[in-house]
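Trainee: Please read through the structure below; I'll follow up with questions.
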Amino acid sequence: MTTPNDDQLRAMLEARAGRPDGAVPEEILGRVVRAARSARAGFALPKLLGAFAAGALVVVVAGVLLINQPGGPGATGSAGAGAGASPTLPSSEPSPAPSVEASSGPSVEPSAGPTATPSPTPTIASNRACLSTQLTAEILSWQGAAGNRVADIRVTNVGRLTCILAGRPRVQLRGANGAVLMESSATPNASPSGSGNGVVDVAPGGHAATQVDASNYCGPNPALPVTVALILPVGAGTVVAKPAPGTDESFAVPPCMGSAASLISMNGWTAAH
């Protein structure tokens with residue numbers, strides 16, 4: 001079989017496809033010619049043309065014509081492809097907020113205030129006399145000998161400050177109603193000099209001791225209990241010693257010795273426990 005030339009193939013293709021002259025593009029014609037030339041011997045050209053005309057050729061021709069039409073996909077080129085692409089939408093996930101770390105300022109340590117040094121307990125100077133408001137007194141016992149009566153007295157410092165007992169107070173023997181039964185004639189003496197004029201520092205809660213000696217009481221029998229009043233020197237007040245619980249008062253009042261003078265006096269101070 002003799003291979004037809006290009007004009008013959010064009011005419012045959014147009015006849016098969018039912019297209020007017022010149023309507024088959026050169027690209028399609030070239031494909032058909034190349035396919036016809038490479039066909040094996042004995043392959044009938046009318047079958048080849050029929051196959052193209054009936055199936056593939058129609059599809060190819062229609063695609064080429066569609067591409068070459070104004071406004072078709074081919075006319076827009078790369079812009080069309082770009083227009084058909086779906087726009088990239090921004091991610092709907094919110095962007096994480098920037099991490100804000102609190103600025104740690106310089107560490108401020110509270111300054112320790114000055115340490116308050118406790119004031120030491122004030123010590124009393126040696127010339128600080130005990131006041132009656134600092135003292136209590138009690139009669140621990142009565143003793144009797146040869147017409148005399150002796151009271152053993154203990155004084156306690158109930159104040160908060162140390163004080164000093166010195167010299168000799170003036171003393172009185174008193175009845176239960178406070179009536180003065182006997183009284184020493186001497187003026188209270190604050191001087192620690194002389195025999196028996198002891199000086200005692202009495203700390204808070206501490207004690208001092210003394211004795212009061214009375215003789216020749218000739219007055220009426222007093223009401224009990226009998227007390228001893230200590231009139232302190234330099235206007236420090238009066239401390240009244242009362243009998244301690246259980247004290248025997250049968251020797252509290254000295255017996256009358258006749259016309260002799262009544263006497264009452266106090267010995268010096270001594271430290272006591």
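Every number here is computed from the coordinates shown, using simple stated rules; none is lab data. Keep in mind the model is a prediction, meaning the values are calculated, not measured. For neighbour counting, all protein chains shown are included, and Cβ atoms are generated from backbone atoms with ideal geometry for every residue, glycine included.
Trainee: Amide H neighbours of Glu183 under 5 Å, at least 5 residues apart or on other chains, H built in the peptide plane: list them.
Mentor: Those lying under 5 Å, H to H, from Glu183 are Leu173.
Trainee: I would also like to ask the following. For Ala241, what residues show an amide H to amide H distance below 5 Å, using hydrogens built from the backbone and excluding near sequence neighbours?
Mentor: Those lying under 5 Å, H to H, from Ala241 are Val228, Ala229, Leu230.
Trainee: Rule-of-thumb check for the stretch 132-171: C-alpha Rg over 2.2 N^0.38 Å?
Mentor: On the way: Rg = 13.1 Å, N = 40, 2.2 N^0.38 = 8.9 Å.
Here the Cα radius of gyration is 1.47 times the empirical estimate.
Trainee: Right, here's the next one. Mind giving me the FRET efficiency for Arg160 and Lys242? R0 is 25 Å, r the Cβ-Cβ distance, nearest 0.05 is fine.
Mentor: Numbers: r = 23 Å, r/R0 = 0.93.
E(calc), rounded to 0.05, equals 0.60.
Trainee: Taking the Cα atoms of the stretch 128-273, what is the range of coordinates along each of the three principal axes, in descending order and whole Å?
Mentor: That works out to 45, 33, 25 Å along the principal axes.
Trainee: Enumerate the calculated ³J(HN,Hα) couplings along the stretch 233-246 in order (Karplus 6.51 cos²θ - 1.76 cosθ + 1.60, θ = phi - 60°), each rounded to whole Hz, writing x wherever the residue is Gly or Pro.
Mentor: Running phi through 6.51 cos²θ - 1.76 cosθ + 1.60 with θ = phi - 60° gives x, 6, x, 7, x, 10, 10, 9, 8, 9, x, 5, x, x Hz.
Trainee: If Lys and Arg each add +1 and Asp and Glu each add -1, what is the summed charge of the other residues whose beta carbon sits under 15 Å from the beta carbon of Gly198?
Mentor: On the way: positive: Arg154, Arg168; negative: Asp201.
Cβ neighbours under 15 Å give a net charge of +1.
Trainee: Now, a different point. Just add up the charged neighbours of Val234: K/R +1, D/E -1, any other residue whose Cβ is under 14 Å from the Cβ of Val234.
Mentor: +3
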